[in-house]
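Undergrad: Pasting a structure here, questions to come.
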Amino acid sequence: MKATLHHVDTLTDSIKTFWFEPEQPLRFTAGQYTELYLPHDNPDDRGERRWFTISSSPTKELFSITTKYAAEKPSTFKQALFAMQPGDQADAAEAMGDFVLPKLAQTPLVFVAGGIGLTPFHSMFEWLADTGERRDINFLYAVRSEDDIVFQDTFERADIHATIVIGEPSPDWGGLSGRLTADTIQNYGNISDDALVYISGPEGMIETLKNDLIKAGVKKQQVVTDDFPGYTSL
Ligand SMILES: Cc1cc2nc3c(=O)[nH]c(=O)nc-3n(C[C@H](O)[C@H](O)[C@H](O)COP(=O)(O)OP(=O)(O)OC[C@H]3O[C@@H](n4cnc5c(N)ncnc54)[C@H](O)[C@@H]3O)c2cc1C
């Protein structure tokens, strides 16, 4: 369906949220994704379509996607997206995906986000804040630097404590630093036998964390993943 760009929020130097007005209401569950088709001149070999998690909550009339502009060699798709002006149109596919909150509200949850992999959790947090529903969530969020942290106001609104791990921190950073590992998730995530561990982020990071968690004794069926191909690092 046609989706008209309504406005853009600048979150950091490289991360923006694009808000679209859909032609008809876009029905989705927090955590699902859509495919955006953005025709543009001289597309590179990566083409004119991309999958994006819907970063907004289903409670909103507009829907948003949140994405990053690569410092080196941005694709023509990203160049076209970041050049869009309010009123410009793209095409959005029906929402899909099963990286959504479990039906059983009592299930303890450990959420792990790597960089822009935060988007499905942001949609869930916004939905929880808007509906007043409570879930038992331990949230870990890994980013490269303090400047890459986004959506902190939503964590507060949804009453979610974030354990933030900074890859390359400034000297002033007093929290966790270095690479986010399965050990960190176990130490701070408090994974009980009935918990589900949701991991979202770059493909490589997800594979490593999933394998290491399973090696450390977490059951395979406890780990739910959402990988973002196209990003090699946070
Ligand atoms: C289910 C799902 C949900 C997703 N949700 C999101 C989301 O919420 N937000 C989001 O940002 N992404 C999301 N993605 C990933 C998204 O679809 C893109 O793959 C990603 O944003 C990278 O975009 P891009 O290909 O335009 O590359 P860019 O963002 O332009 O670049 C990414 C990296 O690839 C390098 N690169 C660029 N061109 C090439 C090339 N031709 N060959 C090799 N390397 C190149 C760049 O230098 C950069 O390091 C999701 C993917 C899936 C499958």
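The values are calculated or read from the model by the stated rules, or taken from the named source; none is laboratory data. Since we're looking at a predicted model, the values are computed, not measured. Every residue, glycine as well, gets a Cβ built from its backbone with ideal geometry; the counts of neighbours run over all protein chains shown.
Undergrad: Which ones in the stretch 24-63 are surrounded by fewer than 19 Cβ atoms within 10 Å (Cβ to Cβ) and more than 16 Å from Met1 (Cα to Cα)?
TA: Answer for the stretch 24-63, where residues must be surrounded by fewer than 19 Cβ atoms within 10 Å (Cβ to Cβ) and more than 16 Å from Met1 (Cα to Cα): Thr29, His40, Asp41, Asn42, Pro43, Asp44, Asp45, Arg46, Gly47, Thr59, Lys60.
Undergrad: Name the pairs: first residue in the stretch 179-202 and more than 20 Å from Gly115 (Cα to Cα), second residue part of a helix (DSSP H, G or I), Cβ to Cβ under 7 Å, at least 6 apart or on different chains?
TA: Sorted first by the residue in the stretch 179-202, then by its partner, the pairs are Ala195/Gln222; Leu196/Gln222.
Undergrad: Among Leu180, Leu140, which is in contact with a strand residue (DSSP E or B) (Cβ under 6 Å, 6 or more places away or on another chain), in the same structural domain as Gln222 (by TED's automatic domain parsing) and in a loop (DSSP other than H, G, I, E, B)?
TA: Leu180
Undergrad: Give the number of residues within the stretch 188-234 that are in a loop (DSSP other than H, G, I, E, B) and either more than 16 Å from the ligand (Cβ to nearest atom) or hydrophobic (A, V, I, L, M, F, W, C) (or both).
TA: Number satisfying all stated conditions: 11.
Undergrad: So for the stretch 33-48 (the condition being within 19 Å of the chain's Cα centre (by Cα), more than 7 Å from the ligand (Cβ to nearest atom), within 22 Å of Phe125 (Cβ to Cβ) and outside any strand (DSSP E or B)), does at least one residue qualify?
TA: For the stretch 33-48, residues within 19 Å of the chain's Cα centre (by Cα), more than 7 Å from the ligand (Cβ to nearest atom), within 22 Å of Phe125 (Cβ to Cβ) and outside any strand (DSSP E or B): absent.
Undergrad: Something else: Which one of these is within 12 Å of the ligand (Cβ to nearest atom), surrounded by 15 or more Cβ atoms within 10 Å (Cβ to Cβ) and either part of a strand (DSSP E or B) or among the acidic types (Asp, Glu) (or both): Thr119, Thr66?
TA: The unique qualifying residue is Thr66.
Undergrad: Could you say whether any residue in the stretch 74-89 is within 14 Å of the ligand (Cβ to nearest atom), hydrophobic (A, V, I, L, M, F, W, C) and either closer than 16 Å to Leu118 by Cα or not assigned by TED's automatic domain parsing to the domain that holds Ile15 (or both)?
TA: The answer is no, given that none of the residues of the stretch 74-89 is within 14 Å of the ligand (Cβ to nearest atom), hydrophobic (A, V, I, L, M, F, W, C) and either closer than 16 Å to Leu118 by Cα or not assigned by TED's automatic domain parsing to the domain that holds Ile15 (or both).
Undergrad: May I pose another question? Under 6 Å between Cβ atoms, which residue pairs at least 6 apart in sequence (or on different chains) link something in the stretch 21-38 that is free of Cβ contacts under 8 Å to residues at least 60 places away in the same chain with a partner that is among the hydroxyl-bearing types (Ser, Thr, Tyr)?
TA: Glu21/Thr4
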